[in-house]
Structure formats: C-alpha cells, structure tokens
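One structure is given below, encoded as structure tokens.
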There are 2 protein chains.
Amino acid sequence: MSNLPVVLALSVVTSASAQTLVSPEVHADGGVTFRLRAPNAKEVLLRCEGTKAGPMQKGKDGVWSVTTEPMKPDIYAYSFQVDGLRMIDPANPLLKYNLLNTDSQVHVPGPATLPWEINNVPHGVVHRHLYHSAIVGDDCPFLVYTPPAYDPAAKESYPVLYLLHGYSDAEDAWVSVGRANIILDNLIAQGRAKPMLIVMPLGYGNKEVIANGWAGLRKTGVWQDSIEKFRAALLQEVIPQVEKVYRVSADRNDRAIAGLSMGGTQSLFIGLNAPDRFAWIGAFSSGGLDANFEKAYPAINESINARLHLLWIACGQQDGLIGLNQKLVDWLKSKGIKLTWVPTSGTHSFTVWRRYLAELAPLLFQDKR
Amino acid sequence: MSNLPVVLALSVVTSASAQTLVSPEVHADGGVTFRLRAPNAKEVLLRCEGTKAGPMQKGKDGVWSVTTEPMKPDIYAYSFQVDGLRMIDPANPLLKYNLLNTDSQVHVPGPATLPWEINNVPHGVVHRHLYHSAIVGDDCPFLVYTPPAYDPAAKESYPVLYLLHGYSDAEDAWVSVGRANIILDNLIAQGRAKPMLIVMPLGYGNKEVIANGWAGLRKTGVWQDSIEKFRAALLQEVIPQVEKVYRVSADRNDRAIAGLSMGGTQSLFIGLNAPDRFAWIGAFSSGGLDANFEKAYPAINESINARLHLLWIACGQQDGLIGLNQKLVDWLKSKGIKLTWVPTSGTHSFTVWRRYLAELAPLLFQDKR
C-alpha cells in the first residue's frame, strides 16, 4: 500500500530545534557520551549518578560533550549544569520526573536477568485513579498495578502491596522511575513472586508541605499534619476504593506496605502502628525518622512478632540516612522485635530502590501464617 | 495523634535547591509572574503561548522575572530561553511532556464550565497497557480511558474513540496535556457526551521516524513505513486487545477515530480507507497531508456518505496548516463527500485541541444510524 500522505508541512520543522543531536549515546562498552548544544555557555558540567565525569568540552559547533568510563548496566539520573544553572537534557525524552527536581535518565542496558529490563513476558496494566479526598481537601491520584494474570472475574482474590514514594516524588515515581510494574512482570514470569496488586498513592496528606519545596520538610507542623492525613486518607479512602474496585483480599495477611525514604518512614509509622491492617512491612532508606522512637511507636512490643510476617529494613551504606536507620534497627532489636536488616552498598537513589523492590517482592505473601 | 516522626535528615535539604522560588505565580487578574534563578545569565526570555511578554528582568538576587498582562483562563505551554538555550521552568512540576521538546505549562484557572477544569464529579480511570508489537518490532504502550460508570461486568457494551496524538508527542499527550480524561469526565457528568472508552496508542509504527527528531518527518520512506505500520498495529493488535479486555462494542457504528496534527492525518488515512471499521472520524489541524489527495484516498466517493455518520475537520486560522486543510475540505466536497468543516481561531496548539475534543465528543455515537 503506497498511497500515503507523505509531505509534512509543520512550520516547526524549520526551527532551530530541527537540528538533531544524539544525547545520551550509550556505547557498546557501557560508556556514555552526553551532548548539549549551548554555544553561549562558559561552563557546562555533567552531574550523573554512577560516574565522576564532570566538566564537558565545547566543540567548534557549540556542542558540549563528555564521554564517561564504561558504566555498569543500570538506569542513572543526570542533569547538566550550565553556568551554574541545572537543567535536563533537552535531547533526551527519558525523564526522571519529580515535583521538585526533574532530571534526565540514561539507561545502560544489561542482561534480561536485571529486574528492570523490559522483557518479552506478559505485562501487567497500570491504572490511574483520581478522586476528591475529603481528608486531604484536594483531588488525589493513586496508581494500581494489576499483574498479567489478573482477572476481575476470578474466584481467587489477590494480595496487595501498598508502595510509597519519597519526598518530592509524584505518585508515578515507582512506575516511571522505579519500574515497579516491569520488576513485578519479570518476577511473576519467573515464578519468583506471587501475582499481586501494587497500589501507589500520592504521599502528601497536606499539599502545603510539598508546595513549600524542600523547605516543607522543615515546617514541622505541616509535615506532621501531612503524614497524619496521608495515613487517614490511605486507610479510610484509598484502601476501601481499591477493595471495592479490584478483586483483592481484605485479609491483613494479604496486605503489605513498603516505601522509600519518606515512604519508608510512612510504611513503618502506618504499618507498625496498625498490625491489624498489615502483616508485611518494608522500609527502604527511610527518611524523616524521629530519633525518639519511643514517641513514634509507643505501643510496640514483642507481641507484634506473632502478627508481622516480615519487617524488612534496608539502607545503603553511602546514604546519609544509614546512621539513623541503624539506630532504628538497634532500638527495634532492643525491644525484641524480629526484623530483617539489609545494609547494602549504595546511596539515596533509585538505583538502590529498584533492587530493594526486586528483593522484597519475592518474600511477600509467602506462607508464613 | 502526635507521636509522629518529624525530624527529616535528608542531606539534600541543605543544598542550594532548598531555596524556594515560586514560578509561575498566577495572580487574581490572570496575570502571571514567571521567575528563574540564573545569576550568571546575560539574557533570559520567556516564550509562552498566549502572551507576547518576552524579555525577563534580572533582580539583585539573581532571579529573573516577568509579569504578563492578564491572560484568559487556559493551560499554556512555555519555556525559558537562557542565553539562547531553551529550558523548562525548574520551579514548576507541571510539564508538557514531549519526546522532542518538553515544555512547562501554566494553568490560569477558570470557571468550572471550562471543559478541562477538574471538577468534583465522578472520574474515569486511565489504564496503561504495554505489549510487544510484532508489527512495530518493539514494546508499544497504549492508554485506555474508561468512563466513571464503566462496569466490566455490565450487559451493555461501550462505544470507543481511538484518539491519536501529534508528531513528537508520547502516548500520554492526550491525557497529560490534552486532559481528554478530564474533558470526558465533565461532559459525561453534564449528560452531554455518551459514556465511551478512549484508546490512545503510541502513534509511531516505525520508531526510527521519531528517533531522528524533527528530521524524521523529512525521511519519506521511514515516515511512510511508520504510518503504514501504525495502521496495521492499530487494526490488528490494539483494537483486538481492547475488544478482548474491555466491555466494548465491536460494531463499526460504535467506533470513532480522531486525532491532532499527525494524528489527524492518521485518522483520515485510516478512517476514510476503512469505512467498514469506523463510522465517525475527526481530524484536528491535520499535518502530513499529501496535497495529492487522489493518491491518499483512491477509493473515496459519495457512497461513503451513507456509512460515515460524521466527518469532522477542524483547523485554526492562525495555524500554518490551515491552507492545506482548506484544500482537503474543498477536494472532499468536490467529490461529494459530506463533512463538517470547523475553521476556528487559534494556532497549532493544545489550547485549540482541548476545545476541539470538547466539541467533537458530544457529537459521537448519537443516533444517526
């Protein structure tokens, strides 16, 4: 069939942006060349996870570039710093979207066994819900991942992982950056994780906290109000909606809660204080921990061991939060609480959190009851 | 409940980015102040739809700013140009995501009657599917909007609008920028549109076309291959999946196809050449039209009038494509084809396309059969 419309007449084609620039270019050895056209800039730096390559060199065509040493297969966040101004790579559509600092990402592909690689396996579906929250007083989104085998008319009901993002993330972070859906697709295809739903709500109970940028973290009252209202919205609004719309179990043994950074703290705070709701808890690189743990978890004692099938706490050794997480673990142990403590290498980064999810998911909803 | 974790210890808090800058700031009169911290820049320009405000002024604190005249309620795309370098507004999380030119957006809110305003009405759900396309030879996403009343177990089956994006858009453009889901939520709540599903596939049948940036439009062979394979993937892969998974009618009277720019051309090309599949066609600001219409639509004649319930063609008078669209309309009329021609004010922009969708959707699937 050759009778096609072929002549495109968009005026934009003639603009300066028509000049194609390839960035990032991933080489066969894992080295990456980054490029930016900025003929008027005086200094352009690359800031990229996993490499120390910094200053970029200007070519005669006004294009700045730098090539890194070979990098291990992974997905790295990066940005350019142009005369002190941070910016995304305009040539690269792969963004690390974030409410406060959107970066670019480069994917150095690796073997199919890496949990985040998209393989030709059955894929689940990610559903985006929007509802008006009476508790938050605003329109709130939440995402739901249903596994490939999911059948709304099935007799069996599925377990659910509530998976929480970090401060400054949006509700899509665990999908668009964390690749939670791809990780579960792979684990399920390999028979390593039980088919489960993953629910990813927006984690701000008071949107003023994030409207204040990073300063929101220091507004103690707002921060406190935010986490409290988030818990209320999750328990009273999100979970009931999920359990109404989807074929999921409402048994505590079939509910897990986990998260990263702020979401790790939320998971501990919500989960440890509500063992009637959650039997599985994961906390990744938790931030926002009050060092006065007695205050945060007033009722905790050994009796929770019989109810919690898993309390999984992980943090990177190069993460500034490792000390606080270690303190929490020590305190929990001093209270006789059983837990799995997973200190790993790594920083405060999705390169760590993707691996944590891939480690945690196979442990969930296995028969420990 | 006051036993909360309140002290956040993220190292990022102490970075320079902790300084909160508000941009854009929408004033009560609709004027907008844009701000960018760029102490080392020599010239910063604002490029924003709907205003001629250009040069920004530098303050003593290194923050550049400009305030526009009052702007009509709408959602406008904008970017900054810093010493010639185009960039998004780093202080603003509302992006206009695009594969070739991601911009920022500013929402000047208006009355609830504007079709894209989020109102406290029942909201539909947007589902993201991913499958491996044998035709495209790649992993391909498509989005599905289900209306608020959607019930997978209902006896009735729903009609479907296949809604196509423009060149350089990703599959999410009609949702994240076009607000198609919000527009339909509102129209359905008002009883003005029939509850329908909207399916939004990624529109590149050959991904080489978009990998070449804007230059891809001029690679005739690749462009032709892309539109041909896109049609095949839509008809042979996407539609069967949708009709398997969702409670939708497979009757041609219940299938519409519409799109913007490249998607308008695809809708005409696919729809007019397959009246056995689609009874409703919409083409917004179509780009990529071959002026040799005889070649693109070889079999078209008056007999299609009895089968097509609607052929709705619209374009903005300030759009560079108005001439070509007018020519197409004249040619179709010369062939005796019945159509609705809707020349409006406006440019090649989502400010136009949101309105077109809000006008078209109420016309679809009404009893004309």
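The values are calculated or read from the model by the stated rules, or taken from the named source; none is laboratory data. All values derive from a computational prediction rather than experimental measurement. No Cβ is skipped: glycine too gets one built from the backbone with ideal geometry, and neighbour counts run over all protein chains shown.
Picking from B:Ser286, B:Ser261, which residue would you name as being within 12 Å of another protein chain (Cβ to nearest Cβ), among the hydroxyl-bearing types (Ser, Thr, Tyr), in contact with a helix residue (DSSP H, G or I) (Cβ under 7 Å, 6 or more places away or on another chain) and buried (at least 19 other Cβ atoms within 10 Å of the Cβ)?
When all the criteria are applied, what remains is B:Ser286.
Can you tell which of A:Thr20, A:Thr51 is under 23 Å from the mean Cα position of the chain (by Cα) and part of a loop (DSSP other than H, G, I, E, B)?
Being under 23 Å from the mean Cα position of the chain (by Cα) and part of a loop (DSSP other than H, G, I, E, B) holds for just one of A:Thr20, A:Thr51, which is A:Thr51.
Out of everything in the range A:58-87 that is of a type in the set (D, E, K, R) and either surrounded by fewer than 20 Cβ atoms within 10 Å (Cβ to Cβ) or within 14 Å of another protein chain (Cβ to nearest Cβ) (or both), what residue ends up being nearest to B:Ala41 (Cα to Cα)?
The selected residue is A:Asp83.
Is there a residue being farther than 24 Å from B:Tyr145 by Cβ and not in a loop (DSSP other than H, G, I, E, B) anywhere in the range B:260-270?
No, because not a single residue in the range B:260-270 is farther than 24 Å from B:Tyr145 by Cβ and not in a loop (DSSP other than H, G, I, E, B).
Would you pick out the residues in the range B:348-369 that are among the polar types (S, T, N, Q) and more than 14 Å from the chain's Cα centre (by Cα)?
Within the range B:348-369, just B:Gln366 meets the criteria.
Please pick out the residue among A:Pro90, A:Pro39, A:Pro55, A:Pro122 that is surrounded by fewer than 17 Cβ atoms within 10 Å (Cβ to Cβ) and either more than 13 Å from chain B (Cβ to nearest Cβ) or under 20 Å from A:Val26 (Cα atoms) (or both).
Selected residue: A:Pro55, the only one of A:Pro90, A:Pro39, A:Pro55, A:Pro122 that is surrounded by fewer than 17 Cβ atoms within 10 Å (Cβ to Cβ) and either more than 13 Å from chain B (Cβ to nearest Cβ) or under 20 Å from A:Val26 (Cα atoms) (or both).
Would you tally the residues in the range A:62-76 being in contact with a strand residue (DSSP E or B) (Cβ under 8 Å, 6 or more places away or on another chain) and assigned to a loop (DSSP other than H, G, I, E, B)?
5
Here is a list of conditions, (1) buried (at least 17 other Cβ atoms within 10 Å of the Cβ); (2) over 23 Å from A:Ser286 (Cα atoms), and A:Ala112 meets all of them except one; can you say which number that is?
It fails just one condition, (1).
Go through the range A:235-258 and report how many residues are in contact with a helix residue (DSSP H, G or I) (Cβ under 9 Å, 6 or more places away or on another chain) and of a type in the set (Ser, Thr, Tyr).
Matching residues across the range A:235-258 total 1.
Just give me the residues in the range B:277-316 being free of Cβ contacts under 8 Å to residues at least 24 places away in the same chain, part of a helix (DSSP H, G or I) and of a type outside the set (Gly, Ala, Ser), in sequence order.
B:Glu294, B:Lys295
Right, B:Asp138: closer than 25 Å to A:Lys96 by Cβ and surrounded by fewer than 19 Cβ atoms within 10 Å (Cβ to Cβ) or not?
When the stated conditions are applied, B:Asp138 passes them.
Do we find a residue being surrounded by 14 or more Cβ atoms within 10 Å (Cβ to Cβ), at the interface with chain B (Cβ under 9 Å from one of its Cβ atoms) and among the basic types (Lys, Arg) anywhere in the range A:225-247?
Among the residues of the range A:225-247, at least one is surrounded by 14 or more Cβ atoms within 10 Å (Cβ to Cβ), at the interface with chain B (Cβ under 9 Å from one of its Cβ atoms) and among the basic types (Lys, Arg), which makes the answer yes.
Just checking, which of B:Ala215, B:Ala274 is within 12 Å of chain A (Cβ to nearest Cβ) and part of a helix (DSSP H, G or I)?
B:Ala215
Restricting attention to the range A:127-144, which residues are β-branched (Val, Ile, Thr) and either at pLDDT below 95 or touching a His at 6+ places or on another chain (Cβ under 9 Å) (or both)?
Of everything in the range A:127-144, just one residue is β-branched (Val, Ile, Thr) and either at pLDDT below 95 or touching a His at 6+ places or on another chain (Cβ under 9 Å) (or both), namely A:Val144.
Just for the range B:187-210: of the residues that are of a type outside the set (A, V, I, L, M) and within 22 Å of B:Glu171 (Cα to Cα), which one is surrounded by the fewest Cβ atoms within 10 Å (Cβ to Cβ)?
Within the range B:187-210, the match that is surrounded by the fewest Cβ atoms within 10 Å (Cβ to Cβ) is B:Glu208.
Kindly establish whether A:Leu310 is within 21 Å of the chain's Cα centre (by Cα), crowded, with 16+ Cβ neighbours inside 10 Å, modelled with pLDDT of 95 or more and farther than 28 Å from A:Arg128 by Cβ.
yes
Would you mind stating whether B:Ala296 is over 17 Å from the mean Cα position of the chain (by Cα), of a type outside the set (Val, Ile, Thr) and away from chain A (no Cβ under 14 Å)?
Criteria not met by B:Ala296.
Does B:Ala170 fit the bill of being within 20 Å of the chain's Cα centre (by Cα), within 11 Å of chain A (Cβ to nearest Cβ) and assigned to a loop (DSSP other than H, G, I, E, B)?
Against the criterion (within 20 Å of the chain's Cα centre (by Cα), within 11 Å of chain A (Cβ to nearest Cβ) and assigned to a loop (DSSP other than H, G, I, E, B)), B:Ala170 qualifies.
Within the bounds of the range B:232-243, is there any residue that is assigned to a helix (DSSP H, G or I) and closer than 17 Å to B:Ser168 by Cα?
No, because not a single residue in the range B:232-243 is assigned to a helix (DSSP H, G or I) and closer than 17 Å to B:Ser168 by Cα.
One line per residue, one yes/no per condition, for (1) surrounded by 17 or more Cβ atoms within 10 Å (Cβ to Cβ); (2) of a type in the set (Val, Ile, Thr); (3) in the same structural domain as A:Ala256 (by TED's automatic domain parsing); (4) assigned to a loop (DSSP other than H, G, I, E, B):
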site	(1), (2), (3), (4)
A:Gln318	no, no, yes, yes
A:Asn325	yes, no, yes, no
A:Leu328	yes, no, yes, no
A:Lys333	no, no, yes, no
A:His348	yes, no, yes, yes
A:Thr351	yes, yes, yes, no
A:Arg354	yes, no, yes, no
A:Ala358	yes, no, yes, no
